[in-house]
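Here the structure comes first, spelled out in structure tokens, and everything after it is commentary.
The values are calculated or read from the model by the stated rules, or taken from the named source; none is laboratory data. Quick caveat: nothing in here was measured; it's all calculated off a predicted structure. Cβ coordinates were reconstructed from backbone atoms using ideal geometry, including for glycine residues, and neighbour counts include every protein chain displayed.
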Amino acid sequence: MVFYNLVILFSLLMVITSARRFGVHGLSMIYYGMRCPLAENIVRDTVNNALQSDPTLAAGLLRMHFHDCFIEGCDGSVLLDSTKDNTAEKDSPANLSLRGYEIIDDAKQQIENQCPGVVSCADILAMAARDAVFWAGGPVYDIPTGRKDGRRSKIEDTRNLPAPFFNSSELITMFGQHGFSVQEMVVLSGAHTLGVARCSSFKNRLTKFDSTHDTDPALDSGFAAKLSKTCTAGDNAEAPFDETRNSFDNAYFNALQKKAGLLTSDQTLFASARTRNIVNSYAMNEAKFFFEFQQAMVKMGLLDVKEGKAGEVRLDCRKIN
Ligand code: HEM
């Protein structure tokens, strides 16, 4: 146990040290310790209460943090509402199915009542995603805080989100541009152990796939038939990524091995020789998946973080001050 804790501590130090490459100096594990000691508890309680009434929102919070970090860094830009002069990230087609904004608003309001103008929306979102993973049965981990909120949120920036039809080379390139290794890209994709996708994200795999195939040959035919049936209800019908949509486990990687990956970008991780062994290792060893997932999440949470005057602490997560 002591050894395991030491390994975690060491890994965390490595991630934070390597974060210096990302220009992150001012974040800390005890940032709110004196400034707003109840912040972490408020976020945790708010997330737990919300997930108790709707467990599917764990997926929403996790995905929202990812979409925040990949665009303009983890700066809460995804939380900003559009204004009459600006269409914000959240109104991009890639973000229309994001869920859980009201949980962030709720936590923010309670925190503002305790310590006004201190805790950023970007930090609240990072903590909420972390707490959602744990609530769903995933690993528990600490994250550094002290992120500032950004002032830019533009629909056109969301073109830098990965598309569901990407193959493994395209995923490797895009995640590589953000400083992630192939292994980190695969382990982060394991977030698809939670949640669902809508038919609009995968229906291209079910009919007229290419000139020689009706359905995607990487897809198990029984699973394809099941999906086709689901999608008779229309583009917004949903299918889970794995058989345990509200549990954070390694069932997603087992599904890929059975050719039951929902998106092209999921199944490609098993189909491609560059990533298959990594998928197999997580399918076989859940503890390895959990450990490497938490490391990659801490790293993702440090992407292009804003500090000092580069950002602000928004008073309302939906509006710049
Ligand atoms: C590897 C590239 C990725 C692609 C192409 C991708 C794409 C998608 C798509 C298309 C959906 C379904 C959207 C819909 O149909 O409404 C989705 C859902 C989801 N994504 Fe990803 N994603 C990727 C990586 C990630 C990462 C790194 C995370 C988090 C760390 C993440 C977390 C989620 C979650 C939790 C859901 C389910 C959301 C819900 O049920 O509301 N994804 N993703």
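Does at least one position in segment 121-137 carry a residue that is over 18 Å from Asp304 (Cα atoms), of a type in the set (Val, Ile, Thr) and exposed (fewer than 15 other Cβ atoms within 10 Å of the Cβ)? Among the residues of segment 121-137, not one is over 18 Å from Asp304 (Cα atoms), of a type in the set (Val, Ile, Thr) and exposed (fewer than 15 other Cβ atoms within 10 Å of the Cβ), which makes the answer no. Name the residues in segment 279-320 that are over 19 Å from the mean Cα position of the chain (by Cα) and under 17 Å from Ala255 (Cβ atoms), would you? Within segment 279-320, Asn280, Ser281, Ala283, Met284, Asn285 meet the criteria. Say whether the condition of being in contact (Cβ under 8 Å) with a residue 40 or more places away in the chain and under 30 Å from Cys317 (Cβ atoms) is met by at least one residue in segment 198-207. Yes - at least one qualifying residue is present in segment 198-207. In segment 228-248, the residues that are at pLDDT 95 or above reach residues that are of a type in the set (Lys, Arg) and surrounded by fewer than 16 Cβ atoms within 10 Å (Cβ to Cβ) with C-beta atoms within less than 9 angstrom, at least six apart or across chains, in these pairs: Ala239/Lys226.
Per-residue answers, yes or no, for (1) touching a helix residue (DSSP H, G or I) at 6+ places or on another chain (Cβ under 7 Å); (2) outside the structural domain of Gly100 (by TED's automatic domain parsing); (3) part of a loop (DSSP other than H, G, I, E, B):
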| site | (1), (2), (3) |
| --- | --- |
| Phe253 | yes, yes, no |
| Leu262 | yes, yes, yes |
| Gln267 | yes, yes, no |
| Ser281 | yes, yes, no |
| Phe290 | no, yes, no |
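Of the residues making up segment 92-109, those that are away from the ligand (no atom under 16 Å from the Cβ) and crowded, with 16+ Cβ neighbours inside 10 Å number 4.
Going by the conditions given, is Gly146 away from the ligand (no atom under 16 Å from the Cβ) and surrounded by 15 or more Cβ atoms within 10 Å (Cβ to Cβ)?
Details: away from the ligand (no atom under 16 Å from the Cβ): yes; surrounded by 15 or more Cβ atoms within 10 Å (Cβ to Cβ): yes.
Against the criterion (away from the ligand (no atom under 16 Å from the Cβ) and surrounded by 15 or more Cβ atoms within 10 Å (Cβ to Cβ)), Gly146 qualifies.
None of Ala260, Ala273 is exposed (fewer than 15 other Cβ atoms within 10 Å of the Cβ) and over 19 Å from the mean Cα position of the chain (by Cα) except Ala273.
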